[in-house]
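Here is the structure we will look at, set down as structure tokens.
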Amino acid sequence: MIDVAVVSFAQRQEASIPGESEVEFMVPLMEQAKAAVDLTQADMGFTCSGSSDFLAGQAFSFVMTIDGTGPVPPISESHVEQDGAWALYEAWVKIQCGGIDTAFVYGYGKSSPGSLRDVLATQMDPYYVCPLWPDSYAVEALAARLMLEGGHVSERRLAEIAARSRVSAASNPHAVRSEPKTVDEILAEDHVLDPLRPSDLPAEADGGCAIVLAAGDRARELCERPAWIRGMDHRGDAHTLGVRDLTSSMSARLAAQHAGVADDKVDLAELYGPFTTSEHLLIDALGLDEDATAINPSGGALAAHTMMASGLIRIGEAASRIWSGDGDRAVAHATSGPCLQQNLVCVLEGD
Amino acid sequence: MADDPLAPPAALAGDVTVPPAVAGAEPVQSVCTPIRLSYTYTPGRALSRYLQAMAGKRILGERCGVTGQVFVPPRGVSPLAGTTTAGVVELADTGYVDSFNITRVPIERRPDLKPPYCSAWIVLDGASVGFMGLVINIPPEEVRIGMRVRAVWKPDDELETSAANIGGWEPTGEPDEVIDDYERLGRVGGQQP
């Protein structure tokens, strides 16, 4: 296994970025991530991105965004129609194949031109479910109802998760929801979709992020304290909601096992839980101890949810805390699909 | 029946036993599930400026700060250097035909395009890349590579913030552009970027 580390990270998240196209706001981020380690596109052995045309309603938006990398002379490049965390996974595999020691990864989404919760209905089964247009909030509300009725979680516990995110988000300049609220204030909120309250929902944002990966000695040259990827795995649950147990996450549990989360202490965990319910399930599935592990020190997706980037941002947020010495061992998680259908877990360590 | 790809599956072809409640109802053989998403689309900084200038019959490109090339329509980024463009350049509404195609079949929902018509890749004076346009006011058979053309704008009272303000491109009658280097595009002053 070749040692690969996250050595650079740049992000931007705002409630909406109406004046700029995706490539216009991504170019400065791409430049920033490369400049921080004094690299140019010509230094990158591989480039991989994650995005979806459905968000901004821009056909072939990912092709337009490749312009921002400076792809001349032609670059080795790939794209996933999934969160950028899966693009990072592909780049990691590419480095494991040998022959390159750097990779450039980015993910972005501009959801504000449409209604994200409706756009996400189109990822459901196209024959029996999608025609009913269950938006992403409604589907999660069904899962939340199952969790509450089955005694898997309480409304107070969900409000505590929401309150914790708001406290952490206060020190994150990229958070779009960070006003503090007490648990009781959150419980007093009117339901948006019973049993979900506004604070249970993701804080939708436009934006993106860019990351540089480097292997072995190259990583040590570029970064004082590289955030080494010690384990990474991704798993998927069934697509059809009706055949899944929505009160737990089998695929997240498996991914965490195979990534080696439990092999040592975990100082901090950045979890891509779009809803308070998903964060609750993930803490259980990853086997995290909330007394020993700081959960979502950035505030997570409850503080800023940028579709197609929030998972990759979790990896960047975890890595930056390794660089700074705030933690020695961190877990980053990404999800994709309805109700935590697919999950990726990445374990990062400093030397 | 196996020879007919449009025939219904065997399960639907024979007698179907249905619950009494729906007895007599016509069997459902297909359903239509319309899908529609609506967006408030914004084209971004560069294209917004380009479209606003169109309303004043002006064509804006953008210059790459690294290679000096001028791109139109502008996207806010230089696709060769991978940098934010360095500045806006106003281009002439004249240029030449770089390549073209004559279409002889109609396109659904475009009754305004009457075959045969000529669509061309037109390089504006001052631009480093071409863009698409229709060549009009000349029989398509007479269009040729290198032919000089100028924009035919819609009447002033019909101008919008739209590239459709240019109804087409007509011959200027000037001598043809001499094109002897097919790699000229993407270069400035003969140098590779």
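Derivation of every value follows stated rules applied to the coordinates shown; laboratory data play no part. Computed from a predicted model, the values in this text were never measured in an experiment. As a convention, Cβ positions derive from the backbone with ideal geometry for all residues, glycine included, and neighbour counts pool all protein chains shown.
Looking at the range A:221-281, the GluC sites (Glu not before Pro) that sit in a DSSP loop and have at most 12 other Cβ atoms within 10 Å of their own Cβ are A:224.
Within the range B:53-155, the GluC sites (Glu not before Pro) that combine a DSSP coil assignment with at most 15 other C-beta atoms in a 10 angstrom radius are B:108.
Which residues among the range A:79-104 fall inside the zone where the amide N is under 19 Å from a point 7 Å beyond the Cα of residue A:36, along Cα→Cβ? What the label zone holds, given the 19 Å backbone N cut-off, is A:84-89, A:91-92, A:102-104. Over chain B, Cα pairs under 8 Å with separation of 6+ residues give a relative contact order of 17 percent.
Only Cα pairs under 8 Å and at least 6 apart count here; give the relative contact order of chain A as a rounded whole percent. Working shown, then result.
Working: 822 pairs, mean separation 89.3, N = 351.
The value is 25 percent.
A Gaussian network model of chain A, with springs between Cα atoms under 10 Å, assigns the largest mean-square fluctuation among A:27, A:212, A:331 to A:27.
Most tightly packed first, judged by the mean number of other beta-carbon atoms within 10 Å of their residues, the peptides B:74-84, A:119-129 read B:74-84, A:119-129.
Taking every residue in B:71-80 and counting other chain Cβ atoms within 10 Å of its Cβ, the average works out to 5.
Helix-only arithmetic for chain A: the sum of -39500 (n - 2.57) across DSSP H runs with n ≥ 4, divided by the residue total, places the mean residue ellipticity at 222 nm at -9500 deg cm²/dmol.
Using a simple spin-label model with pseudo-atoms 7 Å out from Cα toward Cβ, residue B:88 and residue A:133 lie 3.9 nm apart. The loop-placed trypsin sites (Lys or Arg not before Pro) in the range A:254-351, going by DSSP, include none that has at most 10 neighbouring Cβ atoms within 10 Å of its Cβ. Once you order the gyration tensor axes a ≥ b ≥ c over the Cα atoms, which shape class does the range A:169-274 get: rounded for a/c under 1.5, otherwise prolate or oblate by comparing a/b with b/c? Here the range A:169-274 falls in the oblate category.
With contacts taken as Cα pairs under 8 Å and at least 6 residues apart, the range B:60-121 reaches a relative contact order of 26 percent.
Springs between alpha-carbon atoms under 10 Å, Gaussian network over chain A: tell me which of A:134, A:73, A:274 tops the mean-square fluctuations. Ranking A:134, A:73, A:274 by mean-square fluctuation puts A:73 first. Computed over Cα pairs, the Kirkwood radius of the range A:230-342 leads via Stokes-Einstein (1.002 mPa s, 20 °C) to a diffusion coefficient of 153 µm² per second. Quick check: from the Cα gyration tensor, does the protein assembly as shown come out rounded (a/c under 1.5), prolate or oblate? It is oblate, given that a/c is not under 1.5 and a/b is not larger than b/c.
The mean number of partner chain beta-carbon atoms within 10 angstrom of a residue's beta-carbon across peptide A:24-33 is 3.
Other protein chain C-beta atoms within 10 Å of residue C-beta, averaged over B:43-53: 3. Between the beta carbons of residue B:40 and residue B:152, assuming R0 = 25 Å, the FRET efficiency works out to 0.20 to the nearest 0.05. The angle between the Cα long axis of helix A:276-285 and the longest principal axis of the Cα atoms of chain A comes to about 70 degrees, rounded to the nearest 10.
Summary of the geometry: the range B:122-172 and the range B:54-117, compared by the centres of their Cα atoms, lie 10 Å apart.
Within the listed set B:128, B:119, B:38, the Gaussian network model of chain B (springs between alpha-carbon atoms below 10 Å) gives the highest mean-square fluctuation for B:38. Here the average projected area of the convex hull drawn through the C-alpha atoms of chain B stands at 20.0 nm². The label point for residue B:33 and the one for residue A:16, both projected 7 Å from the Cα toward the Cβ, are 3.0 nm apart. For residue A:204, nonlocal amide neighbours, meaning residues 5 or more places apart or on other chains whose placed amide H falls under 5 Å from its own, are A:305. If exposed chymotrypsin sites (Phe, Trp or Tyr not before Pro) are those in a DSSP loop with at most 14 other Cβ within 10 Å, what is the longest stretch of chain B that has none? With chymotrypsin sites (Phe, Trp or Tyr not before Pro) excluded where exposed in loops, chain B gives B:42-181 as its longest stretch.
Whole Å is fine, so just give me how far the alpha carbon centre of the range A:8-44 lies from that of the range B:33-51. Answer, in whole Å: 22.
Within the shell of other residues whose beta carbon sits under 9 angstrom from the beta carbon of residue A:308, the net charge comes to -2, with Lys and Arg scored +1 and Asp and Glu -1.
The slack in the chain from residue B:170 to residue B:121, taken as 0.36 nm per residue of separation less the alpha-carbon distance, amounts to 16.3 nm.
What distance in nm separates the two pseudo spin-label positions at residue A:292 and residue B:107, each 7 Å out from Cα along the beta-carbon direction? For residue A:292 paired with residue B:107, the spin-label model returns 6.4 nm.
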